[in-house]
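In what follows, a single structure is set out as structure tokens and then discussed.
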Amino acid sequence: MVDVSQHELVPDHTVLDDAALEDVLQEYNIKKTDLPKIKRKDPALPDDAAIGDVVKITRDSRTTDEAVVYRLVVE
């Protein structure tokens, strides 16, 4: 079977550690549950992503070179 997460068109997905997560939540003045959601079954997620983790998704962008978004992993 093909590993979709390694495809060149899939943006980088990185699980945030607690310190990085706290920085993000403080920067945006939000709670973890306020973040947009991503399902655990999404094939682009790294294998170590668990329900309740926050994933940093880094995409290429024509206007800003790099766009970063955060998603909360849900069931």
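The values are calculated or read from the model by the stated rules, or taken from the named source; none is laboratory data. Keep in mind that what you see is a predicted model, and the values were worked out from it rather than measured. Cβ: placed from backbone, ideal geometry, glycine included. Neighbour counts: every protein chain shown.
Brief remarks follow.
- Of the residues 67, 49, the single one that is surrounded by 10 or more Cβ atoms within 10 Å (Cβ to Cβ), of a type outside the set (D, E, K, R) and either modelled with pLDDT of 95 or more or assigned to a strand (DSSP E or B) (or both) is 67.
- Candidate set from the range 1-22 (those that are of a type in the set (D, E, K, R) and either under 12 Å from the mean Cα position of the chain (by Cα) or outside any helix (DSSP H, G or I) (or both)); member that is nearest to residue 72 (Cα to Cα): 17
- Subset tally (residues that are more than 12 Å from the chain's Cα centre (by Cα), over 20 Å from residue 7 (Cα atoms) and among the basic types (Lys, Arg)) for the range 23-75: 2
- One residue stands out in the range 27-41 among those that are outside any loop (DSSP other than H, G, I, E, B) and touching a residue at least 12 places away in the same chain (Cβ under 8 Å): the one that is surrounded by the fewest Cβ atoms within 10 Å (Cβ to Cβ), namely 33.
- Scanning the range 52-62 for residues that are modelled with pLDDT of 90 or more and in a loop (DSSP other than H, G, I, E, B) yields 52, 53.
- Residues of the range 1-26 satisfying the condition of being free of Cβ contacts under 8 Å to residues at least 12 places away in the same chain and under 19 Å from residue 61 (Cβ atoms): 7, 8, 9
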